[in-house]
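The values are calculated or read from the model by the stated rules, or taken from the named source; none is laboratory data. The model shown is predicted, which means the values in this text are computed figures rather than measured ones. Every residue, glycine as well, gets a Cβ built from its backbone with ideal geometry; the counts of neighbours run over all protein chains shown.
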Amino acid sequence: MFNISKIRKDFPILKRKINGKPLVYLDNAATTQKPQTVIDSLVDYYTYHNANIHRGIHTLAEEATAMHEEARSKIAKFIGAKSTKEIVFVRNSTEAINLVAYSWGRSFLKKGDAIILSESEHHSNIVPWQILAKEKKIKLYFIPVKDDGKLDLDYFKKIFTPQVKLVSLVHISNVLGTINPVEEIGELAHEVGALFLVDAAQSVPRMPVNVRKLDCDFLAVSGHKMLGPTGIGFLYAKEEILSSMPPFLGGGDMIREVYLDHSEWNELPFKFEAGTPNIADAIALGTAVDYLEKIGMENIFRHEKKLTDFALRRLGKLSYLSIYGPKTVENKTGVISFSVKGIHPHDVAQLLDQEAVAIRSGFHCAMPLHQKLQMPSTCRASFYVYNTTEDIDRLVEGLDKAVKIFQ
Ligand SMILES: Cc1ncc(COP(=O)(O)O)c(C=O)c1O
């Protein structure tokens, strides 16, 4: 059962007042708030179990290791991975994509090869490939985004050549909320023998995602966008592909044996986890997964769709406001970018903050998309499991007030 008032009570920060008014947090695409269970999980780990993992044989080390590996199992099950060997802990989606670019890209790509991205990518799925492209002299192609925020798949089919070795694509746009048809695109990628990477930073938190159903080769996720702490995320990769890749970073834990002239690598996934990992945050991410599963990803997705539909209708009636991307909830979820006529987005965000409504303003780490759609910097409201239609009413009231002040 989806009980919104019960859910809201789980998030202590939602009791906060800003400028004397109850907080309305609509910056969830940037990072989400944390339920008490996740906060408690961090305190519990440091209070009772803290030790380094995989090495010690004392009780604390064994407890910490078991808790860390249990978190990995929860994540593997959550996204439908075949085994925990396919889950590599990293800091965030950005690091997950960089790991693939550095390890897989540098080993398997050669001059003349190509990678397909899209114009709607977050910078974290553009810049690592630009660095690689320059170094290896490979080509980058970008699937165009149409005015309605959808990808131009006809063009995509035209740029598909045997030189394409990877398609790396955002699942849900962090600017427009568009849900891209990743299953269809993955199938096309595999038809020409290319691998398929899904940037799932916005999708894994808000909809059911199953890597086997998607049949992606890599999936990048940030824990802090799905109720977990900052500084922890994961890369999913098919076991056979991870096995073929060289290590990304070298050091302790990622080796089986070290000699002065060479080293032998540890088994998966530890081969990709050099040094002491972020133990406490990984465990707390496992707790976040428990929380999401208890509510149910289908329920979370449905709730967010309802809020998005409500928000699109409410915001759509404001004559001073332009919404970018899809105007209906079909193939879209709870991320809405907009501009207010005659007011700079930073001023809108600041005036809303006076009303305790937290939104984002700027380019949202997606400058090429803003350039393509000729959008100046924008305001972005993004929803999550604890938001309500009353929060959207407060957003609209705040916007009305901002417009009056500027008139
Ligand atoms: C679609 C998308 N990809 C990647 C990222 C990068 O996430 P992080 O900064 O946690 O690495 C973000 C963050 O906003 C995002 O929205």
Tabulated pairs, the range 82-99, first away from the ligand (no atom under 14 Å from the Cβ), second acidic (D, E), C-beta under 8 angstrom, 6+ apart or interchain: K82/E239; S83/E239; T84/E69; K85/E239; K85/E267; E86/E239; V88/E273
Restricting to the range 361-388, give me the number of residues that are under 17 Å from the mean Cα position of the chain (by Cα) and either surrounded by fewer than 22 Cβ atoms within 10 Å (Cβ to Cβ) or over 14 Å from Y324 (Cβ atoms) (or both). 5
Provide a single number: the residues in the range 225-258 that are of a type in the set (G, A, S), at pLDDT 95 or above and away from the ligand (no atom under 16 Å from the Cβ). 5
Pairs, first under 20 Å from V335 (Cα atoms) and of a type in the set (S, T, N, Q) in the range 4-28, second at pLDDT 95 or above and surrounded by 18 or more Cβ atoms within 10 Å (Cβ to Cβ), C-beta under 7 Å, six or more apart: N28/S382; N28/F383; N28/Y384
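Considering only residues that are of a type in the set (K, R) and part of a helix (DSSP H, G or I), look in the range 6-30 and name the one that is nearest to the chain's Cα centre (by Cα).
Applying the filter and picking the extreme gives R8.
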Subset of the range 75-91 (residues that are surrounded by fewer than 20 Cβ atoms within 10 Å (Cβ to Cβ) and closer than 16 Å to T287 by Cα): K77
Mind checking which residues of the range 122-162 are farther than 18 Å from H370 by Cα and at pLDDT below 95? L153, D154, Y155, F156, K157, K158, I159, F160, T161, P162
Would you be able to tell me the number of residues in the range 245-289 that are surrounded by fewer than 16 Cβ atoms within 10 Å (Cβ to Cβ) and in contact (Cβ under 8 Å) with a residue 24 or more places away in the chain? 8
Name the one entry in F2, F78 that is among the aromatic types (F, W, Y) and touching an Asp or Glu at 6+ places or on another chain (Cβ under 8 Å). F78
Long-range neighbours under 6 Å by Cβ, at least six apart or interchain, first residue in contact (Cβ under 8 Å) with a residue 12 or more places away in the chain and part of a strand (DSSP E or B) within the range 114-136, second within 13 Å of the ligand (Cβ to nearest atom) and among the polar types (S, T, N, Q): L117/S168
Helices (runs of 4 or more DSSP H) fully within the range 322-407 counting 1 or more residues that are basic (K, R) and farther than 22 Å from K306 by Cβ: 367-372, 389-406
Within the range 22-72, track down each residue that is basic (K, R) and out of contact with any strand residue (DSSP E or B) (no Cβ under 9 Å at 6 or more places or on another chain). K34, R55
For the range 7-20, check the following and say yes or no: at least one residue is within 16 Å of P269 (Cα to Cα) and among the basic types (K, R). no
